[in-house]
């Protein structure tokens, strides 16, 4: 098995960013020359997550609002009481969404739908640079 | 690494279908002759998702009800206001559940529990044919 | 492609356990001698799940409370009405969180953040031994 990897960096704003990384994935696969395999997107860190969505401002806004409903930013969190960093909601959202997404690669491209983009969500409550790992197995 | 793939098609009803695809996965692995590897189930498109559940009508109904609680069909969605297609809830549910599931393969079978089935959820609000990609790495 | 696997066992308490299995994953990779590849954690069974979280008692407690909000233990579930085993909430939580996590391996280690641990959640309502499958592709 051949393994290739690439790190990309994203600048979070502290307000639940949703980053479309599909073009980064496309470019990474293209540069590798791999035609068939598996592409993994992984977010090291416990306040981010990966999924897919139709990347248009409406659906992205709806996802943000739903995350606010599931784990509200201003609710009381035991994490905050212990550590005082105020990002208890970030940890819960990250655990729910998950840090990992595997996508099949076919004919040199990720097999996503036309209206389906690969997105990294930064849930943290302070602006930070995020490293995201792309790994390609072939 | 060897890569095999197969597409299966499902007919959605627009009412949150939960399709048990375990038999399709079993058959695909059996046809491949692969004994050990990794099986990926992926739903191209931004209104579906993959997970596992005990596939009996009670648990399936409970999952549907919970999805309705997390992202109600008739709530207000920015996606709907922008595009008028009324499936904002479908996009949110799909992003939450995720489009991808990796399952280990051992002795020619997916390593799932006896009461654990691999399911594809169609969240869209119109009847549509769904293509699902099975990919086997060995 | 080379495939290695290992099963680990966990003892659930019936009260939503969150087990940190990062050390097991580390040891498994180290024993294998693999430097680069993909590590899969999979929970056979339909009442468990896998994700990552900062494994400290506050964040773990917050995740438990959120799961109780999303799928309350004492709500009415069709699964319970049909089967009488009272673990309808366990099935829903398991389907939402998902049974599978893929993590890249680099330099003989899983590429997780410093404060990010790999955790298995046991959602069942009776104490039971859990087998968890670790699979390493290289």
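What follows is calculated from the coordinates using simple rules that are stated; it is not laboratory data. This structure is a prediction, so every number in the text was calculated from the model and none was measured. Because the Cβ atoms are built from the backbone with ideal geometry, glycine has one as well, and the counts that use them run over all protein chains shown.
So residue C:8 fits all but one of (1) more than 14 Å from chain A (Cβ to nearest Cβ); (2) free of Cβ contacts under 8 Å to residues at least 60 places away in the same chain; (3) in contact with a strand residue (DSSP E or B) (Cβ under 6 Å, 6 or more places away or on another chain); what number is the exception?
With respect to (1) more than 14 Å from chain A (Cβ to nearest Cβ); (2) free of Cβ contacts under 8 Å to residues at least 60 places away in the same chain; (3) in contact with a strand residue (DSSP E or B) (Cβ under 6 Å, 6 or more places away or on another chain), residue C:8 is out only on (2).
Here is a list of conditions, (1) away from every other protein chain (no Cβ under 14 Å); (2) assigned to a strand (DSSP E or B), and residue C:31 meets all of them except one; can you say which number that is?
Only one criterion is unmet by residue C:31, namely (2).
Looking only at the stretch B:63-75, filter to residues that are farther than 18 Å from residue A:60 by Cα and surrounded by fewer than 24 Cβ atoms within 10 Å (Cβ to Cβ); which one of those is nearest to the other protein chains (Cβ to nearest Cβ)?
Across the stretch B:63-75, the extreme among qualifying residues is B:66.
Given (1) in contact with a helix residue (DSSP H, G or I) (Cβ under 6 Å, 6 or more places away or on another chain); (2) free of Cβ contacts under 8 Å to residues at least 24 places away in the same chain; (3) more than 7 Å from every other protein chain (Cβ to nearest Cβ); (4) farther than 24 Å from residue A:53 by Cβ, where does residue B:114 come up short, assuming only one miss?
Result: residue B:114 fails condition (1) only.
Out of A:52, A:47, I need the residue that is facing chain B (nearest Cβ under 7 Å), more than 15 Å from residue B:78 (Cα to Cα) and within 13 Å of the chain's Cα centre (by Cα). Which one?
On the way: A:47 fails: facing chain B (nearest Cβ under 7 Å).
None of the other options fit; the residue is A:52.
If a residue has to be facing another protein chain (nearest Cβ under 7 Å) and surrounded by fewer than 24 Cβ atoms within 10 Å (Cβ to Cβ) to count, how many in the stretch B:76-95 make the cut?
Going through the stretch B:76-95 one residue at a time, the tally reaches 4.
Could you please find all residues in the stretch B:61-87 being assigned to a helix (DSSP H, G or I) and farther than 20 Å from residue A:96 by Cα?
Applying the first criterion (assigned to a helix (DSSP H, G or I)) to the stretch B:61-87 yields B:61-70, B:78-83.
Of everything in the stretch B:61-87, those that are assigned to a helix (DSSP H, G or I) and farther than 20 Å from residue A:96 by Cα turn out to be B:61, B:78, B:79, B:80, B:81, B:82, B:83.
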